Structures are given as C-alpha cells and as structure tokens.
Amino acid sequence: MDGILPLWKPKGYTSHDCVSKARGMLRTRKIGHTGTLDPDVEGVLPLCVGKATKIVPFLTDTEKVYEATVRLGSTTDTEDASGQTLETKAVSSSLSLAEVRGILETFEGEIVQIPPMYSAVKVNGKKLYEYAREGVEVERPSRKVNVKSIELLSDDVTREADSATFSIRVVCSKGTYIRTLCVDIGKALGYPAHMASLIRTKTGDIEEDECYTMEEVQEAADAGEQESLLLPLARGLNHMVSWKVEENLVSWIHNGRVLEKPEDVNASEFVVKYKDEVLAIYQQHPEKPGLIKPVRVFQP
C-alpha cells in the first residue's frame, strides 16, 4: 500500500496520535506525517504511506494555508487559548478594520519570528516546551519565514467586553508559527494578543475538500477499501520541477545512476518521471558540475 492519505486531523489529537491510529486502521507500520499540528488545531494533515514515506521532507517543506482567529486584549504563555493569561489590556472601541488591514500588510513577505517557548524547537539538545514545563526561560533563536499572503476574513472587528477578535487567512512557508504571528500582529496594533483558533486548510496542493475524517478512514478500512482513499505519491511533489525521461533511462534511474544534467532543468532538486510514474528525486551533484545524483529512488 503506497500513497498519500489526505487526513482531516480532528481537535484533541496530536499528529503522532493520528499516525498511530492510521497504522491500526490501514494495518501498516510504514506511515509518516507531513507537518505537526497542535492538539487544539484541526485541518489538513497528509499522511505518507509505504513508499510515499520517502517524500515526507519534501511534502513537509511545501506552503501551508491557515485560517486563524486573533484575539486582542490578552496574551498567554502558550500564545494560544489553552495557556495561562500573562497580560491584559482593554481594546479601544475606536479600533477599526482599516487599521487592522493596514497592519496585516506589514507582515507579508520575509519576516523574523522567535519561536514560542511551548514549541518543539530544540535549544542545546532540549525541546523548548520541556524548558517551559520546568519554568525555565531560555534564549530562543530567531528564524526567517515567508508569509506569501495574509488576508482579513472578517467583515468587522468582533468585540466582547474588553477584548476583540478578527479572522485571517495566511499562506506561508514551512516553519511559520501562526501563534507567534497572532501575538506579533497584536503588538503592532498596541495590544497583548493570542491565537484563539486555527485551522489548516491546505498543505502543498492538498486541500480540505479532498480530506477524509478518522471515521471515514475507519469505514473504508472495515470495508477493505482503504487503498481507494490514497492519493498517488506524485501529488506530494507537484510543487517541484519535473524532468520527464525516455524509457531507455528508466533502469539507470532505478539503479541510482549519476547522470548528465538535463539542459532544460535549472532547479537544485527535481522530480524525475517516466510518463506519469515518479522514478526518483534528483539534485545537482555537489562535487561534479554538469552531473546530477539521486536523493530518493522509488523502486517499482
């Protein structure tokens, strides 16, 4: 069984929980997920099955699309609604949608983030959330991420007592913390803030309407139709440049041969296909100009 299971992760599950349950339902151990989602978050979580586990890092590295609710007026230690409140400030009744929209525009493009303490980023070989649980604050390394677009979804700012909320859609690179983005948007508006809710609606080109719930996966498995849920391995590589080869090169590629660089391919890494079959992922040879070498080979 090889392919990509487009799973809709429910709230209350970790990404690892989803992998464990899928292993039981699909009756296979060889499954990997493509980007961690926190337990309170729901959304698109493609699971790579069988040979498709070889493309996990490539699918993980794709753009993601999120819909989030930003709550102004309070910030938490986890930067989301599950944490303990650290600071509060009443939101002015004069805050306008135009002001929010103007601030959002400043977050498009390459931005610098400091990962939250409650995250899996490692510092000195230890995960930040482990320090946080011990009550230890450590210096966190900043990172550059890319926000391709950020769009206001709300028609107005919703007010509740001293707080206010609005919703956004974010298209961003791997490694972007939407929790931190919500906090930073709040700071730019002059208020403590946190992420009230989050949904991931797209990973690569796999979208919400293609996904199956846990219940639907179980039903298909009970009927012996689980393979019908899988997308082809190639769907996880659509974001990469492709090089289509003739039949005479197929056996060489299956054997992992170093080849001459094709003139019409300039990407540092690219997918090699024969007709519609993915044969391998190749890269420019790091030591031999004009040649290419395999990164992953998919045996028939």
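The values are calculated or read from the model by the stated rules, or taken from the named source; none is laboratory data. All values derive from a computational prediction rather than experimental measurement. FYI the Cβ positions are ideal-geometry reconstructions off the backbone, even for glycines, and counts take in every protein chain you see.
Just to verify a result, which residue in the stretch 203-219, among those that are buried (at least 18 other Cβ atoms within 10 Å of the Cβ) and touching a helix residue (DSSP H, G or I) at 6+ places or on another chain (Cβ under 8 Å), is nearest to TYR66 (Cα to Cα)?
Per the criteria, the residue is THR203.
Quick test for you: out of ALA193, ALA267, ALA220, pick the one residue that is among the aliphatic types (A, V, I, L, M), under 23 Å from VAL56 (Cβ atoms) and either at pLDDT 95 or above or in contact with a Ser or Thr (Cβ under 9 Å, 6 or more places away or on another chain) (or both).
ALA220 is the lone residue from the list that is among the aliphatic types (A, V, I, L, M), under 23 Å from VAL56 (Cβ atoms) and either at pLDDT 95 or above or in contact with a Ser or Thr (Cβ under 9 Å, 6 or more places away or on another chain) (or both).
May I ask you to verify whether VAL100 is in the same structural domain as GLU210 (by TED's automatic domain parsing) and of a type in the set (A, V, I, L, M)?
When the stated conditions are applied, VAL100 does not pass them.
Which one of VAL297, VAL272, VAL250 is more than 25 Å from THR60 (Cβ to Cβ), in contact with a Leu (Cβ under 8 Å, 6 or more places away or on another chain) and of a type outside the set (Phe, Trp, Tyr)?
VAL250
This table checks each residue for (1) under 30 Å from VAL217 (Cα atoms); (2) of a type outside the set (Asp, Glu).
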| site | (1), (2) |
| --- | --- |
| MET240 | yes, yes |
| VAL250 | no, yes |
| HIS254 | no, yes |
| ASP264 | no, no |
| GLU269 | no, no |
| ILE281 | yes, yes |
| LYS288 | no, yes |
| ILE292 | no, yes |
| GLN299 | yes, yes |
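All but one of (1) exposed (fewer than 15 other Cβ atoms within 10 Å of the Cβ); (2) under 13 Å from LEU72 (Cα atoms); (3) in contact with a strand residue (DSSP E or B) (Cβ under 8 Å, 6 or more places away or on another chain) hold for GLU151; state the number of the condition that does not hold.
The failed condition is (2).
Here are some conditions: (1) of a type outside the set (Phe, Trp, Tyr); (2) surrounded by 14 or more Cβ atoms within 10 Å (Cβ to Cβ); (3) out of contact with any strand residue (DSSP E or B) (no Cβ under 6 Å at 6 or more places or on another chain); (4) farther than 17 Å from GLU79 by Cα. ILE114 meets all but one. Which one does it not meet?
(4)
Would the stretch 256-273 turn up any residue that is of a type in the set (Asp, Glu) and closer than 27 Å to MET1 by Cα?
yes
Tell me whether the stretch 29-41 contains one or more residues that are in the same structural domain as LEU181 (by TED's automatic domain parsing), more than 15 Å from THR176 (Cα to Cα) and either surrounded by fewer than 19 Cβ atoms within 10 Å (Cβ to Cβ) or aromatic (Phe, Trp, Tyr) (or both).
No.
For VAL136, work out the one condition from (1) among the β-branched types (Val, Ile, Thr); (2) modelled with pLDDT of 80 or more; (3) farther than 20 Å from ALA68 by Cα it doesn't fulfil.
(2)
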